[in-house]
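Scroll down for the structure; my scribbles are underneath it.
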Amino acid sequence: MKDQIMAPDTVAADIVVSGRGVGKTFADGSVVALKNADFGIKRGSFVSLVGPSGCGKSTLLRLVSGLIAPSSGAVTVHGTPVTGPRRDISMMFQKATLLEWRTALDNVLLPTEIAGTPTQADRNRAMDLLKLVGLGDFAFSFPAQLSGGMQQRVALARLLQTGADILLLDEPFGALDEFTRERLNTELMRIVAEVGATTLFVTHNISEAIFLADQVFVMTSRPGQVAKIVDVDLDRPRPLSIQTSPAFNALVADVRETLGAV
Amino acid sequence: MVAIQSPDAATGNATDAARQLRNRRIATHLGIFLAIVLSWEIASRAGWLDPLFYPRPSAILQSFWLIYVVNGNVWYHLGVTMSLVFAGFVGGSVLGIVLGSLVGLNGTLRRFLKPYVIVLEATPRIAVAPLLIAALGFGVTSKIAIIMLVCFFAPFINTLSGVMNVNQDKLELFRAMGASKWQILRKLVLPDAIPVIMAGERLALTAALSGALVAEFIQRDQGIGSLILVYTRNLNMASAFACIFTLTLLGFLIFRGMEVLDRTIAYWKHEEGRTRVSARRRKAMEGQS
Ligand SMILES: Nc1ncnc2c1ncn2[C@@H]1O[C@H](COP(=O)(O)OP(=O)(O)O)[C@@H](O)[C@H]1O
Ligand SMILES: [Mg+2]
């Protein structure tokens, strides 16, 4: 659907994250975590990265974030090669990793503090983001006073605080119970659509991957590679019930087949 | 600090019951304490205990009156000992924290220093006290050096391990945010290590009081330790006991002071600390907007 809206000559310019022949072999040389990955992510799109554990999902994400350097090939963001962490990318992990000695608000402000001295506008923005993730009343609570789900919401607000237009999420709600995870996923979809961010979302849950995404990168292991890219042409906003529709099930079958084929 | 109680009736009843239980416990403790003191007094008066070495509680009480009020000589020595403890504790722990951070953050330094740390850990620090006196001479300097020596190790080791065992997930988070080394140190490594550093400080403070007494036992010029020596030599055991009980009280006060300090510095580890800082941060935010 989307492709028809775009004029042909803007297609290349609209790829904000791309990888060409990206590979990663870890120090001792025996573990090929990622082999020869080629991909492009369109501006404002939501991409899920799905695959069994150990197939190199986190590695791919960390390569895009600049936390680690590729052994071969290159990752390009906004037209420039990634050489290290950068301000137009923001990352979130499976654990909330909040600083226990800071209030929720001060945790959200951390990236701003790292980048410089927070202004009143930054503080107000952090406050607004906490309200956006439903934690307006907990801005001055400490992590020890928040549940696991609430802590992950704070981490989500911190992710958005940077104002980066590329968001990388590594199994962000993987440690939470299913109900909390579904609710947070729904909110995440709403929020990234609202801020118009380009999102790369790692999960090992097939349904979750499809439900959230415009595109699913299906990864297989030994060696880790992007085996297939599946387009998800489902209308938005998507109700939870869409997961029982025939179109959805066809996509699940497609992904499952790719995963099972290796 | 007493947490604000909700005016809820159930809570009120609960605290009433808790208070009653507490009062009963205090009464029991007081009863046991009086029984011990009384049997001591009786045993001494009946001649079962040699009053020369086990002075009667009444005599100790009298000595308290004597050394604190009539002569008032204990105050000076108390002041001397406390100043020593304070100076040695601060000096030793600052040294420990600074060196612990340096060694913890520098892998090369750590590798080269490790054997010495192990040797130092196995050596009773107090054994070095006479050498320090020989090197620095009698006087305040060598006393403080002895206290610094016994205070140094716990903060050093704890800072070292606290700094080294920084949470890897948090480190990755800081790296992903593009934090500088200095920012990682100030905003992550040091605050993260505070609780374990404070645990080291607690040990150091206990060691400081013992260190001060040993230093005074050796030098015998002034301070509570010297006073105990003098009283014992003159067979004035009641006054010696009064000094020892003074130290008990001092030790208790120091321990409480340390708790207060811990609650102030590692505030996020304690409910009331969180409440206090939370309110302060709220105020700061509201004041600015
Ligand atoms: N720092 C590292 N050193 C050595 N091997 C690593 C390192 N990080 C990841 N690996 C290996 O690379 C492979 C892919 O890991 P990862 O990207 O974390 O997988 P996933 O996130 O899909 O579970 C695994 O076999 C893992 O053991
Ligand atoms: Mg992973």
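Coordinate-derived values only; no laboratory data. These numbers come from a predicted model, not from an experiment. With ideal geometry, Cβ positions are generated from the backbone for all residues, glycine too; neighbour counts draw on all protein chains shown.
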field: Size of charge dipole - the range B:73-275 - debye, nearest 20, with Cβ of Lys, Arg +1 and Asp, Glu -1, no other charges
entry: 420 debye
query: What residues have an amide H closer than 5 Å to that of A:ALA69, excluding those fewer than 5 places away on the same chain, when H is modeled at 1.01 Å from N in the peptide plane?
result: none
message: Counting only helical runs of four or more DSSP H residues, what would the 222 nm mean residue ellipticity of chain B come to if each run contributes -39,500 (n - 2.57) and the total is spread over all its residues?
response: -27000 deg cm²/dmol
query: Most mobile of A:ALA104, A:ALA209, A:ALA144 per a Gaussian network model of chain A (Cα springs, under 10 Å)?
result: A:ALA144
query: How big is the charge dipole of the protein assembly as shown about its Cα centre, in debye rounded to the nearest 20, if each Lys and Arg gets +1 on its Cβ and each Asp and Glu gets -1 on its Cβ?
result: 1300 debye
query: GNM on chain A, C-alpha springs below 10 Å: top fluctuator among A:ARG236, A:ARG190, A:ARG20?
result: A:ARG236
task: Taking every pair of Cα atoms in the range A:101-163, average 1/r, invert it to obtain the Kirkwood radius, and report Rg/Rh to two decimals.
output: 0.93
message: If the reach is capped at under 30 angstrom between alpha carbons, list the lysines near A:LYS57, excluding any in the same chain fewer than eight residues apart.
response: A:LYS2, A:LYS24, A:LYS35, A:LYS42, A:LYS95, A:LYS228, B:LYS170, B:LYS181, B:LYS187
Where the Cα pairs of the range A:158-240 fall when distances are cut into 10 Å bins, in %: 15, 49, 32, 4
Sequence ranges A:120-128, A:36-44, B:27-35, ranked by mean other-Cβ count within 10 angstrom, highest first: A:36-44, A:120-128, B:27-35
task: For the range A:185-262 and the range B:237-289, write down the distance between their C-alpha centroids in whole Å.
output: 53 Å
query: Relative to the longest principal axis of chain A, what angle (0 to 90°, nearest 10) does the C-alpha long axis of helix A:246-260 take?
result: 70 degrees
query: If you line up the Cα atoms of the protein assembly as shown on their principal axes, what length do they span on each, largest first, in Å?
result: 106, 64, 47
message: Relative contact order of the range A:204-247, please, whole-number percent, based on alpha carbon pairs below 8 angstrom and at least 6 residues apart.
response: 33 percent
- prompt: Any idea what diffusion coefficient the range B:156-289 gets from Stokes-Einstein, in µm²/s, Kirkwood Rh on alpha carbon pairs, 25 °C, 0.890 mPa s?
  reply: 132 µm²/s
message: Just to confirm the number: angle between the C-alpha axis of helix B:237-265 and the first principal axis of chain B, 0 to 90 degrees, nearest 10?
response: 20 degrees
query: In debye to the nearest 20, how big a dipole does the range A:38-124 give about its Cα centre with +1 on each Lys and Arg Cβ and -1 on each Asp and Glu Cβ?
result: 200 debye
- prompt: For chain B, modelled as a Gaussian network with Cα springs under 10 Å, which listed residue fluctuates most, B:MET177, B:MET237, B:MET258?
  reply: B:MET177
field: Under the Karplus curve 6.51 cos²θ - 1.76 cosθ + 1.60, θ = phi - 60°, whole-Hz ³J(HN,Hα) for the range B:208-219, x wherever Gly or Pro sits
entry: 4, 5, 4, x, 4, 5, 4, 4, 6, 4, 6, 8
message: As I understand it, the value is the acute angle between the Cα axis of helix B:9-45 and the longest principal axis of the Cα atoms of chain B; what does it come to in degrees, rounded to 10?
response: 40 degrees
- prompt: Taking chain B, how much of its Cα-Cα pair set, in percent, is spaced more than 28 angstrom apart?
  reply: 58 percent
field: Viscosity 0.890 mPa s, 25 °C: Kirkwood-radius Stokes-Einstein D of chain A over Cα pairs, µm²/s
entry: 129 µm²/s
query: With contacts defined as alpha carbon pairs under 8 Å and 6 or more residues apart, what's the relative contact order of chain B in percent?
result: 21 percent
- line: Out of B:ALA135, B:SER83, B:MET177 - ranked by how far each Cα lies towards the positive end of the dipole of chain B, with unit charges on the beta-carbon of charged residues - the top one is B:MET177
